[in-house]
1. Can you give me the long-range amide H partners of ARG518? Hydrogens built in the peptide plane at 1.01 Å from N, cutoff under 5 Å, separation of 5 or more residues or another chain.
2. So how do 267-274, 121-128, 489-496 stack up, highest first, on mean other-Cβ count within 10 Å?
3. Remind me, what semi-axes does the range 74-143 give for its equivalent ellipsoid, largest first in whole Å, using sqrt of 5 times each Cα gyration tensor eigenvalue?
4. Counting heavy atoms of the protein chains only and a 1.4 Å probe, report the per residue accessible area for the range 125-201 as a whole number of Å².
5. In the chain, what percent of the accessible surface is made up of carbon and sulfur (1.4 Å probe, ligands and nucleic acids excluded)?
6. How much accessible area does HIS289 have with a 1.4 Å probe, in Å² rounded to the nearest 10?
7. Just add up the charged neighbours of LEU42: K/R +1, D/E -1, any other residue whose Cβ is under 12 Å from the Cβ of LEU42.
8. Go from 0 up to the bin containing the longest alpha carbon distance in the range 786-892, width 10 Å each, and give me the % of pairs per bin.
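The values are calculated or read from the model by the stated rules, or taken from the named source; none is laboratory data. Here the structure is a predicted model, which means the values were calculated and not measured. Heads up, the Cβs are rebuilt from the backbone with ideal geometry, glycines too, and the neighbour counts pull from every protein chain shown. In case anyone asks, the SASA skips ligands and DNA or RNA and just uses the protein heavy atoms, side chains included. Shrake-Rupley method; radii C 1.70, N 1.55, O 1.52, S 1.80 Å.
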Amino acid sequence: MSQLSDRYNPQDVESRTYAWWEENGHFKSTDQSTKPPFCVILPPPNVTGFLHIGHALDHTIQDCLIRWKRMSGFNALWLPGTDHAGIATQSVVEKELKKENLTRQQMGREKFLERVWSWKHQYGDRIYKQMRRLGDSCDWDRACFTLDEGVSKAVKKVFVSLHKKGWIYRGQKLVNWSGPLETAISDLEVEHKQVKGSLWHIKYQVEGTNEFLVVATTRPETLLGDSAVCVHPEDERYKALIGKNVLLPLMNRPIPIIADTYVDKTFGSGVVKITPAHDFNDYKIGKTHNLHFINILDKRCHLNENAGPYKGLSVQEARKRILEDLKNQNLLEKEEPHQLNVGHCSRSGAVVEPFLSEQWFVKTEQLAIPAKRVVESGTTTIEPESWTKVYLHWLNIIEDWCISRQLWWGHRIPAWYCDECDHITVSETDVTECESCKSKKIHQDEDVLDTWFSSALWPFSTLGWPNQSEALKTFYPTSVLVTGHDILFFWVARMMMMGLEFMRDVPFRQIYLHGIVRDSQGRKMSKSLGNSVDPVEMIEKYGADALRFSFLAHIHSGKDFKFSEQRTEGYRNFMNKIWNATRFAFGNLQDFQVPSAGTKALPVKGHMSVYDQWILHKLSLVEKTVDEALEQNRFSDAASAIYQFSWYEFCDWYIEFSKPVFSGPQSPERQASQLVMAQVLNRMMRLLHPMAPFITEELYQKLPIKNTACIVDEYPNIRVDRELLALGSEAAAAEVDLVKEVISAIRNIRGENRISPAEKIAARISPSDANVQKILGNNKSSITTIGRIENLEIGEAGSLAKCAVTLVTVGQSRAQVIIPLEGLVDLEEEVKRIQKSIEKLTKDISTLTGRLSNENFVKNAAEEVVEADKKLLEENKSKVESLREALARLQS
């Protein structure tokens, strides 16, 4: 048995252990196996990215599941991959080119793409290295990239197939547009920011009259693209005007006054301007009423020829000029300050403009039907269940999906335009002639597909589809998808649609959604707030296991996670506790004879102490709790159970109780305790391994009882360990729990009365019945030694004057712990201290009572805040009652 160093140093262990796992193929899965499959597909991080704290949370959950299933006898595959991240990657490379005074247009498409691939080869594996630091046990041989040849083949096949069905089409629609990038962007790439703006009230003259309609807008420059003004059909003020025209301010173009129930007649003047080419709501009205769609912007988001004298101006320049001109013509009635929620491009920072553009779209209505049905039927479950309604709602109101992007980096759209007959040829392979007129004068679409299009195929394209590979047969459908709820629609719903369409089965059986990581105050992490956390920095400071455990001990499905560095430091202390306890155990196992039966070896029951029976009973409880919790994705319950067992029951109590037998001569009892300790240590490492893999593997390799590696050893459960756990005893557990509580009561009395732990004291314990008396008598030596008692009497309570008293209850067993304080503490000072405490608590009770009596507070405060106050109130009342009893005893 190897010696352990004095301290656990993660830096010495982590990289060495990870390399050893990889070298020995412990992360690998097989395409054909007698073991049941378990598969998790990693949500592919952007190839441009660094491991951020959200990744660390997401990956920790997945790795915990994979390690647990691998140890539970499954053919476990965690398939890694990265996303080409069209806009993000192209932006990074274009910024590099800018430093060289170059643009991609100057380089040309081919040379630019060579440059991007070069960047990818240089930096693309950066995030994989960081994932290894966290302990991700991915099957690295299967790592995929969304522009890999196999994935590209799948993308083309899906595009062509959907096009043949008429479910992919080209058309002109309104899209989110980034001017600096000159491309359409997805809703996920739009960041909404609160901005102080204005609401301008503009006068539109009713044609042929001196009457004006007043329209309020936050974007006055868009009036150049107005094609109507709209009123509610039942608004008596304007009924007579419906069907007439107003003159468009500054342009004097007549536009109709239309009626639609979309208008809220109680808001403002009850008249709204309709700009179908530059507003998503107006676009729908424009379609309904067959209005003109007037696009006033070019691809750079500068005003175009439809803007008349304002052509060539940026949006902000045009706004300024238009407002001046409106004032000069007395058409600006008033300006009011107005708080706006403005969409900004996450890549360029520019304001996103709704822009009418020719794009490729996927018809989603038919694809959405089976994607809804499988969730409604429970074929795929979403956890937490509350997100099921959100998922179904989104699919019920789904719009067609814009899949084209005006970029060069990505999957180029497999469509070729004929210069002679205008026919579009769509093909999985490159074409040289028009399929309609056979002309050779054709050119391929310049655009690429939305990154989410290839990501939607991820669960099957990564497993070899469209080939019917063994991997696809074994691992599809995958078992569980772990991801943030923010991409439930953008990614999860689309994977469901594509999986059902092309595999005729769901892509995963279960969806586990977590929230976003926030700081300890609940704020979203951002550079501007300076509260971002680098997980690699946390790993270097506290070790990967401490970071992982801090996630798993506090994660709840669907809820945002509040990150606390202090908590991570606390779990570093937990790792040190495990290390030090194991070091102590090894010191008492130096002469241990390792049995040939290994983990199946059993101690002789007749030689086992009550403490051996107690710890085996506690082991059975923790194995059962952890097994049930992990089966139900209750990671915090599993982590909490392991923490309680490891820190308190094994490290704090079992080791302490076992010291006398280990310090004694060799005996059958000592051998039994050594075997129990060795077996419990073995289970403890295996139980903790999915959550804290590095320290457990390091310690496991030094255990007297072990197999090849912790990572591939069997995960403990009450079925596998049935014979060992049967040696535990519920009666022994109740006995030792009572002894534990008595010793804890003695320690608490010491602490409350500031009596030094080193000082030997006298104590009386008054049992409730003969059975409790017997238990205390049998364990008198442990109570005396661990409680540091000089004189212990077990019997009648006697006088309680000048004594500290605590009632201990375990099940039906009760005992009064009495410590005479005279001579140990300054009784007068103690009386003053207690009186001050009662005074402070009484004030707190009054404040809490007042707050909870306030109906407004109870109605408006968060439910958890109200519940916390109620709990604190009861606790404070209980403390005051106990303190008054203690005061009465000291004054008697």
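1. PHE561, LYS562, PHE563
2. Ranking, from highest mean packing down: 489-496, 267-274, 121-128.
3. They are 32, 12, 9 Å, listed largest first.
4. Per-residue value: 43 Å².
5. 47
6. Result for HIS289: roughly 60 Å² accessible.
7. So the surrounding residues net to -4.
8. 12, 31, 27, 19, 9, 1
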